[in-house]
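Comments concern the structure below.
The values are calculated or read from the model by the stated rules, or taken from the named source; none is laboratory data. Keep in mind it's a predicted model, so treat the numbers as computed, not measured. Note that we place each Cβ from the backbone using ideal geometry, even for glycine, and neighbour counts take in every protein chain shown.
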Amino acid sequence: MASLSLSGKRVLLGISAGIAAYKSALITRLLKQAGCEVRVVMTDGAQAFITPMTLQALSGEPVRTSLLDADAEAGMGHIELARWADAVLIAPATADLIARLVHGLADDLLTTLCLASDAPKLIAPAMNQAMWRNPATQRNIAILNGDGWQLIGPGAGDQACGDTGPGRMSEPDDIVAALFARLAPPASAATGKHVVITAGPTREALDPVRYLTNHSSGKMGYALATAALEQGARVTLISGPVALSTPVGAERIAVETAADMHQKAMQLAPTADVFIGCAAVSDYRAAETAEHKLKKTDNSDGLTLTLIKNPDIIAEVTALDAAQRPPVVVGFAAETRDVRHYAEGKLKRKALDMIVANDVSAAGLGFGSDDNAAWLLWRTPSGNVSEHQSPQPKIQLARAVVQRALTLSPAPPSTHTRETS
Ligand code: C5P
């Protein structure tokens, strides 16, 4: 994956005082694995959460913590360090650090380096949800955006302080992928191609307060979007309800029901060079959605719901006539046994070009987790080919899927000019 390498890129990683600082160790490791040179700068407060020694061991370089350090300055002065960086990444960034950056303060080494560096700057905020929602923080974020900082996240969910809401630092994989997309030159195979991805679960209302859904977190679909962006594609995500931030650069169309997803997919499929159906679409919906909340009754122990079938979105996409059908259609299959065998049947039945089949019975893989293992099966003129992808972070699997799908995509983007009907 030479085109996906960050080999030799010089990343200045700034760490401030948040509980998410422990995840900076993983960020450092991922950057090193991608071939980057990493130099870490920590604020005073950050050292209460993670030791410089840990980051020194992972980065292979001394960690800088102070502006007024004569020995460190004798090695590489702070202006030299600012010039050295191809990118500045701050993760986690506290509300306090953000406020100091907004005002152009240079009251410690990290803020001084940010002022002195012309390199692209990315920031992954992490704080309590009320602090994040506070108008002062929101004002500061808008100013940083205007100053050219690229914001990564934050995500929403459970917080270390016990609250739930926005302010969780994005996951290390997503942070590194955003940096990657910013630094890596787009590969020509995908430049300008339109990749349409369905992701997440759907929700099928039973009454005004209840719905049918499933455990899909959307992580795989969002990782596919990130991987396609890295490759220089234009990406549209048709997404069911998930607690994930939209990958920077992707267009996200939020849908709730299978019918909504179907409608958007049929509208966009004819404009796609690659269509990936990663959503866990509910196979059935209520025959009738009750207008008012369904009530418990005393005269019966049960409740019978009548369900009707939802459209099979991906099968309808592949059934489009030749002028409308995307050149490459990729489906997913979640199985608990005979993964390859069932996937082969689905590839044929749904007339897909490729299928990604995973075993969701394996602990720690698939639904909701960060890792996945899968079989990739695709058609060639001389028969189907399969390839096993061992357990790995979803973003890595996503890169393998997108790269394979792009190799199946025949038309160069300039000649693929079909319009939505
Ligand atoms: O039939 P099954 O649900 O196992 O097929 C999974 C594949 O089909 C996935 O690519 C999924 O996104 C797609 N699918 C769909 N519409 C449905 C059901 C599944 O697009 N109603």
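Looking at Val356, is it under 18 Å from Glu387 (Cβ atoms) and not in a loop (DSSP other than H, G, I, E, B)?
Criteria met by Val356.
Taking strands (runs of 3 or more DSSP E) that do not extend beyond the range 181-277, which have at least 3 residues that are without any contact (Cβ under 8 Å) to a residue 60 or more places away in the chain and touching a Ser or Thr at 6+ places or on another chain (Cβ under 8 Å)?
Fully inside the range 181-277 and qualifying: 234-239, 251-254.
Going through the range 188-241 one residue at a time, which ones are within 17 Å of Asp260 (Cβ to Cβ) and of a type in the set (D, E, K, R)?
Those that are within 17 Å of Asp260 (Cβ to Cβ) and of a type in the set (D, E, K, R): Arg203, Glu204.
Inside the range 1-87, counting only helices (runs of 4 or more DSSP H) that do not spill past its ends, which hold 3 or more residues that are within 25 Å of the chain's Cα centre (by Cα) and surrounded by fewer than 16 Cβ atoms within 10 Å (Cβ to Cβ)?
Of the helices (runs of 4 or more DSSP H) lying wholly inside the range 1-87, those with at least 3 residues that are within 25 Å of the chain's Cα centre (by Cα) and surrounded by fewer than 16 Cβ atoms within 10 Å (Cβ to Cβ) span 22-33.
Would you confirm, using the coordinates I've provided, whether Leu347 is assigned to a helix (DSSP H, G or I) and at pLDDT 95 or above?
Yes.
Does the range 287-309 contain at least one residue that is surrounded by 17 or more Cβ atoms within 10 Å (Cβ to Cβ), within 13 Å of the ligand (Cβ to nearest atom) and either under 32 Å from the mean Cα position of the chain (by Cα) or more than 24 Å from Lys219 (Cβ to Cβ) (or both)?
No - not one qualifying residue is present in the range 287-309.
Of the residues Ala319, Ala280, Ala315, Ala343, only one is out of contact with any strand residue (DSSP E or B) (no Cβ under 6 Å at 6 or more places or on another chain), within 10 Å of the ligand (Cβ to nearest atom) and not basic (Lys, Arg); which?
Ala315
Select, from Leu67, Leu30, Leu26, Leu55, the only residue that is within 13 Å of Leu12 (Cα to Cα) and in contact (Cβ under 8 Å) with a residue 40 or more places away in the chain.
Selected residue: Leu55, the only one of Leu67, Leu30, Leu26, Leu55 that is within 13 Å of Leu12 (Cα to Cα) and in contact (Cβ under 8 Å) with a residue 40 or more places away in the chain.
So which residues in the range 228-268 are within 16 Å of the ligand (Cβ to nearest atom), surrounded by fewer than 24 Cβ atoms within 10 Å (Cβ to Cβ) and of a type in the set (A, V, I, L, M, F, W, C)?
Val242, Ile253, Val255, Ala259, Met266, Leu268
Quickly run through the range 355-397 and pick out the residues that are in contact (Cβ under 8 Å) with a residue 40 or more places away in the chain, farther than 22 Å from Leu408 by Cβ and within 14 Å of the ligand (Cβ to nearest atom).
Across the range 355-397, the qualifying residue is only Phe367.
State all residues of the range 325-340 that are closer than 10 Å to Leu377 by Cβ and more than 12 Å from the ligand (Cβ to nearest atom); if no residue qualifies, say none.
Once the filter is applied, which keeps residues that are closer than 10 Å to Leu377 by Cβ and more than 12 Å from the ligand (Cβ to nearest atom), the range 325-340 yields only Arg340.
In the range 216-227, which residues are touching a Cys at 6+ places or on another chain (Cβ under 7 Å) and either surrounded by fewer than 23 Cβ atoms within 10 Å (Cβ to Cβ) or farther than 21 Å from Ala373 by Cα (or both)?
If the condition is that a residue be touching a Cys at 6+ places or on another chain (Cβ under 7 Å) and either surrounded by fewer than 23 Cβ atoms within 10 Å (Cβ to Cβ) or farther than 21 Å from Ala373 by Cα (or both), then no residue fits.
Which condition from (1) surrounded by fewer than 21 Cβ atoms within 10 Å (Cβ to Cβ); (2) farther than 30 Å from Leu81 by Cβ is the one that Lys193 breaks?
Result: Lys193 passes all but (1).
Suppose the filter is within 16 Å of the ligand (Cβ to nearest atom) and of a type in the set (A, V, I, L, M); does Leu352 pass it?
Yes, satisfied.
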